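A.B. asks: This is the structure, below, for whatever I ask next.
The values are calculated or read from the model by the stated rules, or taken from the named source; none is laboratory data. Small disclaimer: the values here were computed from a predicted structure and weren't measured. Note that each Cβ is placed from the backbone with ideal geometry, even for glycine, and that neighbours are counted across all protein chains shown. Please note that ligands, DNA and RNA were not included when accessible areas were found on the heavy atoms of the full protein model with its side chains. Shrake-Rupley method; radii C 1.70, N 1.55, O 1.52, S 1.80 Å.
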Amino acid sequence: METKDAIKSRRSVKYYDPEYKISDKELDELLSLAALSPTAFNIQHWRFVVVKDQELRKKIRKVAWDQAQITDSSVLIVLCADLKAWEKSPRRYWKNADQEVQDFILPAIDTYYRDKDQVQRDEAMRSCGIVAQTLMLSAKSMGYDSCPMDGFDFSSVANLINLPDDHLISLCIAIGKGVTEAAPRAGQLTLNEIIIENRF
Ligand SMILES: Cc1cc2nc3c(=O)[nH]c(=O)nc-3n(C[C@H](O)[C@H](O)[C@H](O)COP(=O)(O)O)c2cc1C
């Protein structure tokens, strides 16, 4: 599938075939494609919690407005980020680079994030947004539908998945075989409204 077609045909699908299984091989492919998404300084701080335990999914659904996607999709990913990835052996993010590149970039990473909670959080949300779209477009190109979700109680889901203190949850993504079409697009703004030339 052409990228343009995946972009146009991706919609947030709410109802899935609960019997449909995505194979481990396909799931691997999907997550491997997602992991090629860009991150600042290549810190790859997204963490994909793939919720395979159906009992856990039922518990998440209870704190997610009873949304059917949570239990009925083939794959439920709680998309998290490690806020402290920038200081956890950062050399591995640049292990293939020349020594002089490493010598420049490693201190730069430290300076960029150290003692800057807001910067760390903003970066996590940026990266998760980008990887979420890569996941959804990859899913579409592999013949699957998806739904991005933030309609849940974040602290309850954090408890249910044992989220570490230095991580956050950005959003959930449900992926599977849709059984209903998405509703027609609800109301796209015109480009005139969303494009600003040069300055506000
Ligand atoms: C961050 C985010 C959170 C969302 N949360 C939910 C959700 O909890 N439940 C849901 O059914 N749709 C959710 N959506 C889907 C939006 O309603 C949908 O993307 C929007 O209406 C545009 O429709 P489309 O994705 O089909 O183009 C969410 C979308 C985003 C980007």
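A.B. asks: Please name whichever of ILE43, VAL75, ILE60 sits farthest to the positive end of the charge dipole of segment 9-143, dipole taken about the Cα centre and charges placed at Cβ: Lys and Arg +1, Asp and Glu -1.
C.D. replies: My answer, from the dipole projection, is ILE60.
A.B. asks: Would you calculate the separation in nanometres between label points at ILE130 and ILE7, each defined as 7 Å from the Cα along the Cα-to-beta-carbon direction?
C.D. replies: 1.6 nm
A.B. asks: How much accessible area per residue does the chain have, counting only protein heavy atoms and a probe of 1.4 Å, in square angstrom?
C.D. replies: 60 Å²
A.B. asks: When the convex hull of the Cα atoms of segment 24-70 is projected onto a plane and the area is averaged over all directions, what value comes out in nm²?
C.D. replies: 4.5 nm²
A.B. asks: Leaving ligands, DNA and RNA out of it, report the carbon-plus-sulfur percent of the accessible area of the chain at a 1.4 Å probe.
C.D. replies: 51 percent
A.B. asks: Just to be sure I understand: with springs between alpha-carbon atoms less than 10 Å apart, which residue in GLY143, GLY178, GLY129 has the highest mean-square fluctuation in the Gaussian network model of the chain?
C.D. replies: Looking only at GLY143, GLY178, GLY129, the largest GNM fluctuation is found for GLY143.
A.B. asks: How high is the relative contact order of the chain, in percent, counting Cα pairs under 8 Å that sit 6 or more residues apart?
C.D. replies: The normalised contact order for the chain reaches 36 percent.
A.B. asks: Normalised radius of gyration for segment 128-179, please: alpha carbon Rg relative to 2.2 N^0.38 Å, two decimal places.
C.D. replies: That works out to 1.29 for segment 128-179.
A.B. asks: Ok, one more. Per 0.36 nm of contour for each residue apart, how much would the distance between LYS52 and ASN192 grow if the chain were fully extended, relative to their Cα-Cα spacing?
C.D. replies: Length difference between fully extended and current span is 46.0 nm.
A.B. asks: Let me ask something else. Taking every alpha carbon pair in segment 1-108, what does the distance histogram look like in 5 angstrom bins from 0, in percent?
C.D. replies: All Cα pairs, binned at 5 Å, distribute as 2, 9, 14, 17, 16, 14, 11, 9, 5, 3, 0 percent.
A.B. asks: With +1 on the Cβ of every Lys and Arg and -1 on the Cβ of every Asp and Glu, and nothing else charged, how large is the dipole of segment 1-109 about its Cα centre, in debye rounded to the nearest 20?
C.D. replies: In total the dipole reaches around 440 debye.
A.B. asks: Taking springs between alpha-carbon atoms closer than 10 angstrom, which of ILE175, ILE109, ILE43 fluctuates most in the Gaussian network model of the chain?
C.D. replies: Evaluated over the chain, the most mobile residue of the options is ILE109.
A.B. asks: Still on this structure: Between GLN118 and ASN96, what's the calculated FRET efficiency when r is the beta-carbon distance and R0 is 25 Å? Round to 0.05.
C.D. replies: Values: r = 31 Å, r/R0 = 1.24.
Computed FRET efficiency for GLN118 and ASN96: 0.20.
A.B. asks: Using θ = phi - 60° and the Karplus relation 6.51 cos²θ - 1.76 cosθ + 1.60, list the HN-Hα couplings for segment 166-177 in order, rounded to whole Hz, with x at every Gly or Pro.
C.D. replies: Here the 3J(HN,Hα) series is 9, 10, 10, 9, 9, 6, 10, 9, 9, 9, x, 8 Hz.
A.B. asks: Rounded, prolate or oblate: which fits segment 80-147, taking a ≥ b ≥ c as square roots of the Cα gyration tensor eigenvalues, rounded meaning a/c under 1.5, else prolate when a/b beats b/c?
C.D. replies: Verdict is oblate for segment 80-147.
A.B. asks: Using the Kirkwood radius over C-alpha pairs as Rh, can you work out the diffusion coefficient of segment 84-200 via Stokes-Einstein at 20 °C, viscosity 1.002 mPa s, in µm² per second?
C.D. replies: Value of D from the Cα-based Kirkwood radius: 118 µm²/s.
A.B. asks: Could I ask something else about it? Quick one: Cα centre-to-centre distance for segment 175-200 and segment 66-106, in angstrom?
C.D. replies: Cα centroid to Cα centroid, the span is 28 Å.
A.B. asks: Which value at 222 nm does the chain reach when only helices count, each DSSP H run of 4 or more adding -39,500 (n - 2.57), with the total divided by all residues and rounded to the nearest 500 deg cm²/dmol?
C.D. replies: -12000 deg cm²/dmol
A.B. asks: On to the next question. What does the charge count near LEU160 come to, summing +1 for each Lys or Arg and -1 for each Asp or Glu among other residues with Cβ under 14 Å from its Cβ?
C.D. replies: Working: positive: LYS52, ARG57, LYS58, LYS59, ARG61, LYS62; negative: ASP53, GLU55, ASP153.
Counting the neighbours of LEU160, the net charge comes to +3.
A.B. asks: Hey, another quick one. What residue among LYS25, LYS14, LYS62 has the largest mean-square fluctuation in a Gaussian network model of the chain, using Cα springs under 10 Å?
C.D. replies: LYS25
A.B. asks: Out of residues 5 or more away from TYR16 or on other chains, whose amide H comes under 5 Å of its own, with H placed 1.01 Å from N in the peptide plane?
C.D. replies: Long-range HN contacts for TYR16: VAL179.
A.B. asks: Quick one: if you take sqrt(5λ) for each eigenvalue of the C-alpha gyration tensor of the chain, what semi-axes come out, biggest first, whole angstrom?
C.D. replies: Over the Cα atoms of the chain, the ellipsoid semi-axes are 30, 22, 18 Å.
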